[in-house]
Amino acid sequence: MTKAERRERCERRARVIKALAHPSRVFLAEVLSQGERCVCDLTELVGADMSTVSKHLAIMKRAGLVKSEKRGLQQFYRIACPCLTDFFHCADLVTSGQSSSTGLPCV
């Protein structure tokens with residue numbers, strides 16, 4: 001892998017991580033990992049106005065974390081990458097102090 005390719009890969013990874021860098025977006029991803037939801041349901045769950053939730057979802061969509069589909073007047077969102085739950089599991093292990101210090105996978 002060239003230096004330029006490695007840099008581009010790191011930039012792509014950073015975009016995904018930045019898209020999750022807000023508690024509301026992490027919450028949205030967690031809820032969506034359990035199944036598809038309409039934006040009106042997500043707004044109620046997050047406890048924010050629809051505009052704010054829509055902005056969070058747009059950031060996540062641009063990063064490739066969620067997909068959306070319009071049905072009638074409602075917009076439905078779903079997780080685009082099921083491996084996101086693995087990432088959250090890893091984050092839980094790190095934040096609980098249970099991550100491996102041996103260099104082996106956390107799981």
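The values are calculated or read from the model by the stated rules, or taken from the named source; none is laboratory data. Everything quoted here is computed from the prediction, not taken from an experiment. We place every Cβ from the backbone using ideal geometry, glycine too, and count neighbours over all the protein chains shown.
Does region 24-31 include one or more residues that are under 16 Å from Leu84 (Cβ atoms) and of a type in the set (S, T, N, Q)?
Step one: of region 24-31, the residues under 16 Å from Leu84 (Cβ atoms) are 24-31.
Now restrict to residues that are of a type in the set (S, T, N, Q): 24.
Looking through region 24-31, at least one residue is under 16 Å from Leu84 (Cβ atoms) and of a type in the set (S, T, N, Q).
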* To do: Evaluate the following for Thr85: is it at pLDDT below 95 and closer than 27 Å to Arg12 by Cβ?
  => yes
* To do: Could you tell me which numbered condition Lys55 fails, if it satisfies all but one of (1) of a type in the set (Lys, Arg); (2) more than 14 Å from Val16 (Cα to Cα); (3) in contact with a helix residue (DSSP H, G or I) (Cβ under 9 Å, 6 or more places away or on another chain)?
  => (3)
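What helices (runs of 4 or more DSSP H) completely inside the chain contain at least 1 residues that are over 16 Å from the mean Cα position of the chain (by Cα)? Write out each step before concluding.
Working: elements: 3-19, 23-32, 39-46, 50-62, 84-95.
Those helices (runs of 4 or more DSSP H) span 3-19, 39-46, 50-62, 84-95.
Consider Thr2 carefully, then state whether it is modelled with pLDDT of 95 or more and exposed (fewer than 11 other Cβ atoms within 10 Å of the Cβ). Walk me through it before giving the result.
Numbers: modelled with pLDDT of 95 or more: yes; exposed (fewer than 11 other Cβ atoms within 10 Å of the Cβ): yes.
When the stated conditions are applied, Thr2 passes them.
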* Which one is surrounded by the most Cβ atoms within 10 Å (Cβ to Cβ) among residues in region 18-77 that are without any contact (Cβ under 8 Å) to a residue 24 or more places away in the chain and under 22 Å from Ala91 (Cα atoms)? -> Val46
